[in-house]
Amino acid sequence: EVDQTFQKALIGAFTLDQIANNYLDACKLDSGTKTDDNTNGVTSEGDNYTGMEHAWDEAFGYLYGQEADPTADLSTPSGDGTLLNKYLKKVSEGDVAPGIAKDVYEAFVAGRQAIVDGDYATRDAQAKIIKVDLSKVIGAMVVNYLESYLAKREATPADAVHALSEGYGFIFSLPFTNNGEGEPYFTQEEVSGFLDKMDNFWQIDEETANAVIAEVNSRFGFSGSDEGAEEGGEDGGEEAAPAEEEPAAEEPAAEEPAAEE
């Protein structure tokens, strides 16, 4: 299902990458005169916010921009939309990283206040929390969908291929993760190696899928094979299949990145 693979790949290559590797990174927050301007209270022309505040707010929008009410308490997000926010909610309600959505939202709030206060050490500490936690969402969904594929491949191969299509897209997203030190949890070369072994969905064996699951669990520090982020299981405890997705990804409501000064 090419639409599923594309959409899940977009979650990493677009939304997570823009948040973790662009708008919350020094390359954007401290570029040009942003630091001096923020310290001295110099706002962007015609606006009531500084360039640094604007960059942080854009990162916020890339995550929560599809929320129906962005002024709501997003420590428990609705999961509206089809991109990263949806899966943050799923993982937060699962067993891998319970409550992660609250941690991310509180880090956004604390980091924004730190910018107002000119406390850049606290800003960077909160950015690190966001980068690491949102990266965990990608890893958790790789494991979730590959485990779902393995559970369904014999009895319901169509459902298995659906899950594998989504898992494949999340694997594609792995190089856009950030471990908080500016490095991805998996390099592009490593991910290409995974994908090369999965280029024919009808010939992927259990050993290949389990090898990817084990490596992702290890890199992200997940405890084991019980990484399901989906809602409660069916048929005697088996994990429920991932919900059917709409074919086309909705365009996020987040603001388009501003041109560099």
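The values are calculated or read from the model by the stated rules, or taken from the named source; none is laboratory data. What you see is a predicted model, and the numbers here were worked out from it, not measured in a lab. No Cβ is skipped: glycine too gets one built from the backbone with ideal geometry, and neighbour counts run over all protein chains shown. To get the accessible areas, we keep the full protein, side chains included, count just its heavy atoms, and leave off ligands, DNA and RNA. Shrake-Rupley method; radii C 1.70, N 1.55, O 1.52, S 1.80 Å.
Assorted remarks:
- Contact order relative to length of the stretch 23-119, as percent, for alpha carbon pairs under 8 angstrom and 6 or more apart: 23
- Rounded to the nearest 20 debye, the dipole size of the chain about its Cα centre is 500 debye, using +1 on the Cβ of Lys and Arg and -1 on the Cβ of Asp and Glu.
- Folded to 0 to 90 degrees: helix 157-173 orientation relative to the chain principal axis, Cα: 30
- Span from the the stretch 179-227 Cα centroid across to the the stretch 1-24 one, whole angstrom: 17
- Dividing the summed -39500 (n - 2.57) terms of all DSSP H runs of n ≥ 4 by the residue count of the chain sets its mean residue ellipticity at 222 nm at -16500 deg cm²/dmol.
- By the Kirkwood approach, averaging reciprocal distances over each pair of separate Cα atoms, the stretch 98-138 gets a hydrodynamic radius of 10.1 Å.
- Set of lysines with alpha-carbon distance to residue 128 below 22 Å, sequence-local pairs under 8 removed: 28, 34, 86, 89, 90, 102, 136
- Solvent-accessible area assigned to carbon and sulfur over the chain amounts to 48 percent, based on a 1.4 Å probe.
- Taken over the stretch 74-148, the percentage of Cα pairs per 5 Å bin, counting from 0 up to the bin with the maximum distance, is 3, 17, 25, 21, 15, 10, 5, 2, 1, 0.
- The chain: relative contact order in percent, alpha carbon pairs under 8 Å with at least 6 residues between: 26
- Rg and Dmax of the chain, Cα atoms only, in Å: 18.9, 64
- Between helix 206-220 and the chain: long-axis angle, C-alpha atoms, 0 to 90°, nearest 10: 30
- Against the chain, whose longest principal axis comes from its Cα atoms, helix 120-152 is set at around 10 degrees.
- Along its principal axes, the stretch 43-169 has C-alpha extents of 60, 27, 23 angstrom, given from the largest down.
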